[in-house]
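Student: I am attaching a structure below and will ask some questions about it afterwards.
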Amino acid sequence: MTSAETSSLDFASSPINQSLTPERKIELLTQMIRIRRFEQVGLKYYQSGKIGGFLHLYIGQEAIAVGTVSLGGEHDHYITAYRDHGHALAVGMSMNECMAEMYGKQTGCSKGKGGSMHFFAPDKNFWGGHGIVAGQTPLGLGLAYGLKYLEHEGCALCFLGDGAVNQGVYHESLNLAQLFEIPVVYVIENNGYSMGTSQQRSSSFEGCLAQRAEAYGMAWDVIDGSDLYEVRAKTHIAMERARKEHKPTVIEIDTYRYYGHSIADANHKKYRTPEEIENYKQNHDPINVFKRKLIDEGVVTEDQIKEITKAAADEAAESVKFAEESPAPTVADISTDVYWETDNDTDASKIGRHFFND
Amino acid sequence: MSRIISYREAIREGLDEELERDSKVVVMGEEVAQYNGAYKVTEGLWKKWGDKRIVDTPISEAGFIGMGIGASMLGVRPVMELMFWSFHSVAFDQLVNNAACVRYMSGGLCSCPIVVRGPANGGTNVGATHSHVPEGLFAAFPGLKVCAPATPADAKGLIKSAIRDNDPVYIMENTLLYGNKGEVPDPADGDFTIPLGKAEVKREGSDLSLIAHGRSVLQALAAAEILKEEHGIDAEVLDLRSIRPLDQEAILKTVKKTNRVVLVDESKPFGGVSAMVSTLIQDHAFDYLDAPIKRVCSIDAPAIYSPHIENEQLPNPKRIVEQVLTIA
């Protein structure tokens, strides 16, 4: 069944969504708005040169991180690629630590060592933030392997882009997942473009990318990423399959990114038509779609949404101030966090030479 | 006559000329065709040469590089772009086990005339996984050839030689050099190549030798100016250009001339290119040294992201001058 065929279904009435209180629904909307505001502010300061490296924006895809992570419990874990801001905020990381990381400051989540692509918060079950396409896919498998090994009832959500599905290591991971009955859910966030190359020019497939799971005897599903309710309803099924049966699933969530692969991707208005971008913004924007649903349900008012949006903008502005005022790393900081033993000044760290600077 | 063109344009011109010269040359990689290259090195080539000669690949580094190696065994001459050399690790088995070893394991029956090229550098705040400089790593595998041009002319001359070479050649470029301009001979004046294995003195000097490759050559040249102006030290700068084959003769010549040497190398110190050069000097020119060999490498840790500090991790004129002053 494709997402087009199920789009007429009302996922608001699925049990997992029926269980949402009005307060929780407003919270989910707020999270999506916060992610967008955070990134819009990040973009501004990236363009003014305050943030270095690459900036891969999540704008347009917010319902995926928020919807999937909203289903997580104590033993559910998350890992993604370099387009990681949405997942980071969705798991509960603060705007301050994320903005400071992008500014390359000591107060950043990774002490200014990782940057935009490498946000981490193990205390929130968020294991990064990974720069190499598909490099995180066996790590997600490993998190799930660890859960099963440690006898925790939980699953790992491993996010990847549609450009990652042609890396060998992803296919090796799928085989291992099904063969070893590992509780991992692969979430392909399909925004249609593998950097500047459309899905049709980069992937050979029948039906959809998730369907490749059939070759491994694995369950799969396709989801409309503009509808947070659908994301939750279908991802919940996959997560329960993982937690209860130790069976992996590949889910493919159709979505769209408003900006380029990264902000350095100057061609993104050449390989996509303005009409295509505008159509998504007008008709499929996950925040607008969810806003309308909640207004129709009588859960929230336009005025409340304005307040939420303003609060998110204020929080983002505050995070910039925090980042600006935070100290930069020093030359000495370059040499910490390389080895656990040397950081902890253990006996082992005193045997043999670890660093070779002079 | 020379013209002033950019490093990026020089590589493109080299590719274009070799595509023209040999119909077996095919350029492949991620975004090299319709997108015109992530760093615009291949801009216009797809439009000129079409789908057969300029091939967009999926993000499958192991797959397309292995494909190129296989095709090269049959006589095709693939020139493959890694968007970043840092992605080498995804394709490591192909780059090492297959490309470096197939000739040897077949007793010389097979050869592997491929070129793999792309940027390999720090300094752009893209973090540890995107900032590797693996020229020393690959030069450590017999069967592979490696070069790291610093100027537009060297970039063009070396890529053309690399494409004609019958062994696998890995060219390490630099995103911070792509926009740099310099003199490159006019194609109208004839075929311009630079042989693999030839270093070049980029600055004559008498007091001390700075030996470098890639962008570190430019840092060494900047340091040489400071040394001259502020300390009255006349440094010679030798650009290795090619890491393997390595111009041992040129290295020994400059050491014997100045008797003091500082090696500048963006590699990490352990087993970096400069570690090999240092061994050659002490083996073959020990009696000519008036001071210990010194090195300026990247500080020994994964590449830090922070734009506030990354340049301090890399060789830069300040760090080079400081190291020179310890022996001069």
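The numbers here are math on the coordinates, done by the rules we state, and not lab data. Computed from a prediction, not measured in an experiment: that's the story for all the values here. Virtual Cβ from ideal backbone geometry, glycine too; neighbours counted across all protein chains shown.
Student: Over what distance in Å are the Cα centres of the range A:276-350 and the range B:111-140 separated?
Tutor: 32 Å
Student: Largest first and in whole Å, what are the equivalent-ellipsoid semi-axes of the range B:2-188 based on the Cα gyration tensor, each being the root of 5 times an eigenvalue?
Tutor: On the way: eigenvalues 109, 74, 52 Å².
For the range B:2-188, the ellipsoid semi-axes come out as 23, 19, 16 Å.
Student: Order these by the 10 Å Cβ neighbour count, fewest first: B:K268, B:K156.
Tutor: If I rank by nearby Cβ atoms, fewest first, I get B:K268, B:K156.
Student: How large is the charge dipole for the protein assembly as shown, taken about the Cα centre, if only the Cβ atoms of Lys, Arg (+1) and Asp, Glu (-1) carry charge, to the nearest 20 debye? Don't jump to the answer; show the numbers that get you there.
Tutor: Details: 68 positive and 94 negative charges, 203 e Å.
In debye, rounded to 20, the protein assembly as shown gives about 980.
Student: If you don't mind, another one. What residues have an amide H closer than 5 Å to that of B:A120, excluding those fewer than 5 places away on the same chain, when H is modeled at 1.01 Å from N in the peptide plane?
Tutor: Those qualifying (amide H under 5 Å, at least 5 residues apart or on another chain) are B:W85, B:E173, B:N174, B:T175.
Student: Follow-up question, since we're still on this one. Measuring from centroid to centroid over Cα atoms, what is the spacing of the range B:1-42 and the range B:142-194 in Å?
Tutor: Centre-to-centre distance over Cα atoms comes out at 11 Å.
Student: Less than 14 Å Cβ to Cβ from A:K306, Lys/Arg counted +1 and Asp/Glu -1: what total charge do the surrounding residues give?
Tutor: Net charge around A:K306: -1.
Student: Related question: Rounded to the nearest 20 Debye, what is the dipole magnitude of the range A:3-327 about its Cα centre when Lys and Arg each give +1 and Asp and Glu each give -1 at the C-beta?
Tutor: It comes to approximately 780 debye.
Student: Another question, if that's okay. Arrange the following residues from fewest to most other Cβ atoms within 10 Å of their Cβ: B:I59, A:I334, B:I211.
Tutor: So the ranking, lowest neighbour count to highest, is A:I334, B:I59, B:I211.
Student: Give me the one-decimal nm value for the distance between modelled label points at A:Q40 and B:N166, 7 Å along each residue's Cα-to-Cβ direction.
Tutor: For the pair A:Q40/B:N166, the computed spacing is 6.3 nm.
Student: Can you spot the aspartates and glutamates whose alpha carbon is less than 19 Å from A:K306's alpha carbon? Ignore those fewer than 8 places along the same chain.
Tutor: Straight-distance partners of A:K306: A:E23, A:E27, A:E39, A:E62, A:D285, A:D296, A:E297, A:D314, A:E315, A:E318.
Student: Give me a comma-separated list of calculated 3J(HN,Hα) values for the range B:261-268, in order, Karplus coefficients 6.51, -1.76, 1.60 applied at θ = phi - 60°, integers in Hz, x for any Gly or Pro.
Tutor: Calculated HN-Hα couplings, in order: 9, 10, 9, 10, 8, 5, 4, 6 Hz.
Student: So, one more: Which order do B:W46, A:W340 fall in if you start with the one that has the fewest other Cβ atoms within 10 Å? Intermediate values should be presented prior to the final figure.
Tutor: On the way: B:W46 20, A:W340 10.
Starting with the residue having the fewest Cβ neighbours, the order is A:W340, B:W46.
Student: Let me ask something else about it. Tell me which of B:S2, B:Y170, B:T57 sits at the most positive position along the dipole axis of the range B:2-188, charges placed on C-beta atoms (Lys, Arg +1; Asp, Glu -1).
Tutor: Ranked along the dipole, the leading option is B:S2.
Student: Among B:K256, B:K48, B:K181, determine the one that fluctuates most according to a GNM of chain B built with springs between C-alpha atoms less than 10 Å apart.
Tutor: Top of the fluctuation ranking is B:K48.
Student: So what's the net charge close to B:G118: Lys and Arg +1, Asp and Glu -1, counting the other residues with Cβ under 11 Å from its Cβ?
Tutor: On the way: positive: B:R117; negative: B:E30, B:E61, B:E81, B:E173.
Net local charge, B:G118 excluded: -3.
Student: Go ahead and set up a Gaussian network model of chain A, Cα springs under 10 Å, then flag whichever of A:E39, A:E297, A:E341 fluctuates most.
Tutor: Comparing A:E39, A:E297, A:E341 in a Gaussian network model of chain A, the most mobile one is A:E341.
Student: OK, next. Let me spell out the model: positive unit charges on the Cβ of Lys and Arg, negative unit charges on the Cβ of Asp and Glu, origin at the Cα centre of chain B. What dipole size does that give, in debye rounded to 20?
Tutor: 400 debye
Student: Let me ask you something else. Could you run the Karplus curve 6.51 cos²θ - 1.76 cosθ + 1.60 with θ = phi - 60° over the range A:181-195 and give me ³J(HN,Hα) per residue in whole Hz, x for Gly and Pro?
Tutor: 6, 9, x, 10, 10, 7, 10, 7, 8, 8, 9, x, 9, 8, 6
Student: Another question about this same structure. Which FRET efficiency value, to the nearest 0.05, is calculated for B:Q282 and B:V201 with the Förster distance at 30 angstrom and r the Cβ-Cβ distance?
Tutor: Approximately 0.90, to the nearest 0.05.
Student: Go ahead and run the numbers for FRET between A:F180 and A:S94, Cβ-Cβ distance against an R0 of 35 Å, rounding to 0.05. Display every interim value, and only then the final one.
Tutor: Numbers: r = 36 Å, r/R0 = 1.03.
In this case the efficiency is close to 0.45.
Student: Given the Cα-Cα distance of B:R21 and B:C101 and 0.36 nm per residue of separation, how much length would full extension add, in nm?
Tutor: Between B:R21 and B:C101, full extension yields an extra 26.0 nm.
Student: Helix by helix through chain A, keep the DSSP H runs that span 20 Å or more along the axis on Cα and average at least -1.0 on Kyte-Doolittle, and give those back in order. Please list the in-between numbers first.
Tutor: Details: long enough: A:22-47 (38 Å, -0.70); A:228-245 (25 Å, -0.96); A:302-325 (35 Å, -0.75).
Span-like helices, by this rule, are A:22-47, A:228-245, A:302-325.
Student: I'd like the FRET efficiency for B:K318 and A:K269, computed as 1/(1 + (r/R0)^6) with the beta carbon distance as r and R0 of 45 Å, rounded to 0.05. List each step's numbers first, then the result.
Tutor: Working: r = 41 Å, r/R0 = 0.91.
Efficiency, rounded to the nearest 0.05: 0.65.
Student: Report Rg(Cα)/(2.2 N^0.38 Å) for chain B, keeping two decimals. Display every interim value, and only then the final one.
Tutor: On the way: Rg = 19.4 Å, N = 328, 2.2 N^0.38 = 19.9 Å.
Here the answer is 0.98, to two decimals.
Student: So which of A:K44/B:K156; A:K148/B:K268; A:K244/A:K291; A:K44/B:K48; A:K50/A:K234; B:K40/B:K160 end up more than 30 Å apart by C-alpha?
Tutor: From the list (A:K44/B:K156; A:K148/B:K268; A:K244/A:K291; A:K44/B:K48; A:K50/A:K234; B:K40/B:K160), the Cα-Cα distance tops 30 Å for A:K44/B:K156; A:K148/B:K268; A:K244/A:K291; A:K44/B:K48; A:K50/A:K234.
Student: Per the Kirkwood formula on distinct C-alpha pairs, the Rh of the range A:3-327 is how many angstrom?
Tutor: Averaging 1/r across every pair of different Cα atoms and inverting gives 19.7 Å.
Student: Got a sec to turn the phi values of the range B:284-291 into Karplus ³J(HN,Hα) couplings, 6.51 cos²θ - 1.76 cosθ + 1.60 with θ = phi - 60°, whole Hz, x for Gly and Pro?
Tutor: Residue by residue, the range B:284-291 yields 10, 9, 3, 6, 8, 7, 9, 7 Hz.
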